[in-house]
1. Could you tell me which of the residues 77, 72, 100, 83 is within 19 Å of residue 169 (Cβ to Cβ), out of contact with any helix residue (DSSP H, G or I) (no Cβ under 8 Å at 6 or more places or on another chain), in the same structural domain as residue 159 (by TED's automatic domain parsing) and surrounded by 15 or more Cβ atoms within 10 Å (Cβ to Cβ)?
2. For residue 178, all conditions in the list (1) over 20 Å from residue 54 (Cβ atoms); (2) free of Cβ contacts under 8 Å to residues at least 12 places away in the same chain hold save one; what is the number of the exception?
3. Given the conditions (1) out of contact with any helix residue (DSSP H, G or I) (no Cβ under 6 Å at 6 or more places or on another chain); (2) buried (at least 19 other Cβ atoms within 10 Å of the Cβ), which single one is not true for residue 162?
4. Would a scan of the stretch 3-15 turn up a residue that is under 20 Å from the mean Cα position of the chain (by Cα) and assigned to a loop (DSSP other than H, G, I, E, B)?
5. So which of 169, 158, 151 ends up being at pLDDT 95 or above and either over 19 Å from residue 35 (Cβ atoms) or not in a helix (DSSP H, G or I) (or both)?
6. Conditions: (1) closer than 12 Å to residue 121 by Cα; (2) out of contact with any helix residue (DSSP H, G or I) (no Cβ under 6 Å at 6 or more places or on another chain). Residue 168 meets all but one. Number of the miss?
7. Is there a residue being in contact (Cβ under 8 Å) with a residue 40 or more places away in the chain, surrounded by 15 or more Cβ atoms within 10 Å (Cβ to Cβ) and more than 19 Å from residue 104 (Cβ to Cβ) anywhere in the stretch 16-31?
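The values are calculated or read from the model by the stated rules, or taken from the named source; none is laboratory data. Every value quoted in this text rests on a predicted model; they were computed, and no experiment measured them. In this analysis, Cβ positions are derived from the backbone assuming ideal geometry, glycine residues included, and neighbour counts consider all displayed protein chains.
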């Protein structure tokens, strides 16, 4: 059960309501960890802006979603895993890939960029750093700008997972791919 009360729209203060309405109008998320962020409207708005910015980076949607699933799996973050695995299925990521990520395994990925994204995200989570060999391989495959986007996306999603875990934000009961704990 979620540790914090979910604030209904009609109970929000003016600043909270303004950022909530803006996020809802733009199709941004308002649930999950955003239940906590809404208490600090500027944080809510900044988290939305960071999410939007990362969505405009050169990483593909598939690459970002796989990175997010690696991070959610690492943190055992149930709500973020729910959201990203659901989005992954909608984006056409094969169930076998999602299941492998859920198992903590390296999925069979024919695309070099996708494979490097998963490897880099996993190494960042496991060792909190990136070895020189991994850095060189990622730089050769992705280029500097895309590697920066990958590292930033990984780090930003750590915040999402930590928030969801700290406040025990529950996923809905009808998850397409429940996180294996």
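1. After applying the criteria, what remains is 83.
2. Exception for residue 178: condition (2).
3. (2)
4. Our first condition is that a residue be under 20 Å from the mean Cα position of the chain (by Cα); within the stretch 3-15, this holds for none.
No, there is no match, as no residue in the stretch 3-15 is under 20 Å from the mean Cα position of the chain (by Cα) and assigned to a loop (DSSP other than H, G, I, E, B).
5. On the way: 169 fails: at pLDDT 95 or above; 158 fails: either over 19 Å from residue 35 (Cβ atoms) or not in a helix (DSSP H, G or I) (or both).
None of the others qualify; the one that does is 151.
6. The failed condition is (1).
7. The answer is yes; a qualifying residue exists.
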